[in-house]
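Undergrad: Pasting in a structure now, in structure tokens, and then I'll have a few things to ask.
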Amino acid sequence: MDKIWLSSPHMGGEEQRFIKEAFDANWIAPLGPNVTGFEQDLERYLGNDVHVAALSSGTAALHLALILIGVKQGDEVICQSMTFSASANPIVYQGATPIFVDSEPDTWNMSPQFLEEAIKDRIKKGKRPKAIIAVHLYGMPYKVNEIRAIADTYDIPIIEDSAEALGSSCNGQKCGTFGDYAILSFNGNKIITTSGGGALVTKTEEAKQKAIFLATQARDAAPHYQHSHIGYNYRLSNIAAGIGRGQMLVLDEHVALRRKMNAFYQEVFEDIDEVSVLTELDDASYSNHWLTAIVFGRVIARKVDREYLRLGLEKEHIESRPLWKPMHLQPVFSECPYYGEKVSETLFDQGLCLPSGSNTTKEQLERIKNALIGIISAV
Ligand SMILES: *Cc1c(COP(=O)(O)O)cnc(C)c1O
């Protein structure tokens, strides 16, 4: 039996043409026509006059966003607790402290209420947070208007972690254009992949150029190697960008397929009251449904919980995964302040991500459906 993965690379077919062009022109370097072309593709796709710098990873993009904002040793940065560790790690690269904020129950993203509580309390304790990192988890847009209103009230820039949300939108505006800076990821399991890569989205060409300067070892304009800043090696390669250009041609198609996966799971669980599928609350919000996730509201029978289902699927060679474990519960961040209740903690206890790939076949869908119903109804 072949394994059904949570999310695996799905090539469109044109990727190798762009790679071949790079080989033919001997552009095997962290710059070149594919890099520029991929950036232009992304700028066009996102709209809203944004500028895009293609980088080696989403993590690198977050790191550069913090540097451009001016986050330094001893500063504090607010970050959604329920996310992948890559959202928070770059805060520590800068010697700053993450301040974690709980999720809200409907989008699973940053709670506006606890965000404001955190800002007020940090200011009272003597430090104004330098930035807010908000995440569109699993492709579901966070409450963009509410979070923006709070950020503006306290004059704190937003870094929009859109690593999982390329193709999502809110009131017709693409995710990746709401933050003062935004980041994208093209890692192997994301909605499109370059085998590894990311991008920083900026509001100005000047900020983009600064990011590229820092990403290419901060070399001053001189015939010799002259440096007045600490630099990084964070640029995307021309080969990887070639894969990205090919993937851009099928992005919307892949989003449509992932959304179909979400509709499929809604149907599977339609008559199972205890399970709910994460989906949009209203028409304003449009998720790429990078991963479809479910939560067990109430335990169906004593035996059926997240782990029971996960292990049952594993026996059928179907990969599933618990939701992101909140950062405030991670040993490495145990000393960091946290604002919230137990929303993200409860989601982590009860939630499971299900196979959501845009390349899932009809036969695989049938296998997934039979396995889910079989496991749950056998109890
Ligand atoms: C994947 C991911 C990142 C990091 O992206 P990389 O390209 O893997 O460095 C950051 N934030 C979130 C929420 C992610 O899922």
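Undergrad: Please count how many residues of the range 83-114 are farther than 13 Å from Cys336 by Cβ, of a type in the set (A, V, I, L, M, F, W, C) and free of Cβ contacts under 8 Å to residues at least 60 places away in the same chain.
TA: Total satisfying the criteria: 1.
Undergrad: Hand me the list of helices (runs of 4 or more DSSP H) wholly inside the range 52-146 holding 1 or more residues that are within 15 Å of the ligand (Cβ to nearest atom) and surrounded by fewer than 24 Cβ atoms within 10 Å (Cβ to Cβ).
TA: Values: elements: 58-69, 89-93, 112-124.
By residue number, 58-69, 89-93.
Undergrad: When you scan the range 216-229, do you find a residue that is within 27 Å of Ser168 (Cα to Cα) and either crowded, with 16+ Cβ neighbours inside 10 Å or assigned by TED's automatic domain parsing to the domain that holds Leu166 (or both), even just one?
TA: Pass one, the range 216-229, residues within 27 Å of Ser168 (Cα to Cα): none.
Within the range 216-229, none of the residues are within 27 Å of Ser168 (Cα to Cα) and either crowded, with 16+ Cβ neighbours inside 10 Å or assigned by TED's automatic domain parsing to the domain that holds Leu166 (or both).
Undergrad: Working carefully through the options Ala215, Ala221, Ala207, find the one that is in contact (Cβ under 8 Å) with a residue 60 or more places away in the chain, over 29 Å from Pro355 (Cα atoms), out of contact with any Ser or Thr (no Cβ under 9 Å at 6 or more places or on another chain) and small (Gly, Ala, Ser).
TA: Working: Ala215 fails: out of contact with any Ser or Thr (no Cβ under 9 Å at 6 or more places or on another chain); Ala221 fails: in contact (Cβ under 8 Å) with a residue 60 or more places away in the chain.
Result of the check over Ala215, Ala221, Ala207: Ala207.
Undergrad: Please specify each residue of the range 151-160 satisfying the condition of being more than 22 Å from the chain's Cα centre (by Cα) and part of a helix (DSSP H, G or I). Break it down stepwise before answering.
TA: Of the range 151-160, the ones more than 22 Å from the chain's Cα centre (by Cα) are 152-155.
Passing the criteria: Asp152, Thr153.
Undergrad: Please work out which residue is surrounded by the fewest Cβ atoms within 10 Å (Cβ to Cβ), limiting yourself to the range 176-190 and to residues that are assigned to a loop (DSSP other than H, G, I, E, B) and within 12 Å of the ligand (Cβ to nearest atom).
TA: Checked the range 176-190; the qualifying residue surrounded by the fewest Cβ atoms within 10 Å (Cβ to Cβ) is Gly188.
Undergrad: Could you run through the range 153-169 and say how many residues are more than 9 Å from the ligand (Cβ to nearest atom) and acidic (Asp, Glu)? Show your work before the answer.
TA: Taking the range 153-169 as the starting set, the residues that turn out to be more than 9 Å from the ligand (Cβ to nearest atom) are 153-160, 166-169.
Adding the requirement that they be acidic (Asp, Glu) leaves 155, 160.
Residues flagged as more than 9 Å from the ligand (Cβ to nearest atom) and acidic (Asp, Glu) within the range 153-169 amount to 2.
Undergrad: I'd like to check something: does the range 23-43 contain any residue that is touching a His at 6+ places or on another chain (Cβ under 6 Å) and in the same structural domain as Lys174 (by TED's automatic domain parsing)? Don't jump to the end; show me each part of the working.
TA: Within the range 23-43, the first condition is being touching a His at 6+ places or on another chain (Cβ under 6 Å), and the residues that meet it are none.
No: zero hits.
Undergrad: Next question. Among the numbered criteria (1) surrounded by 12 or more Cβ atoms within 10 Å (Cβ to Cβ); (2) away from the ligand (no atom under 16 Å from the Cβ), which single criterion is violated by Ala293?
TA: Exception for Ala293: condition (2).
Undergrad: Then there is this: Give the residue that is farthest from Tyr138 (Cα to Cα), with candidates limited to residues of the range 309-327 that are more than 16 Å from the ligand (Cβ to nearest atom) and open to solvent by less than 70 Å² (accessible area, probe 1.4 Å).
TA: Within the range 309-327, the subset more than 16 Å from the ligand (Cβ to nearest atom) is 309-320.
From what's left, open to solvent by less than 70 Å² (accessible area, probe 1.4 Å): 309-310, 312-313, 318-320.
On the way: Leu309: 20, Arg310: 18, Gly312: 23, Leu313: 20, Ile318: 19, Glu319: 16, Ser320: 14 Å.
The qualifying residue farthest from Tyr138 (Cα to Cα) is Gly312.
The values are calculated or read from the model by the stated rules, or taken from the named source; none is laboratory data. This one's a predicted model, so the numbers in the text were calculated from it and none came from an experiment. Don't worry about glycine lacking a Cβ; one is built from the backbone with ideal geometry, like all the others, and counts go over all protein chains shown. Areas reflect the complete protein model, heavy atoms only, side chains present, ligands, DNA and RNA absent. Shrake-Rupley method; radii C 1.70, N 1.55, O 1.52, S 1.80 Å.
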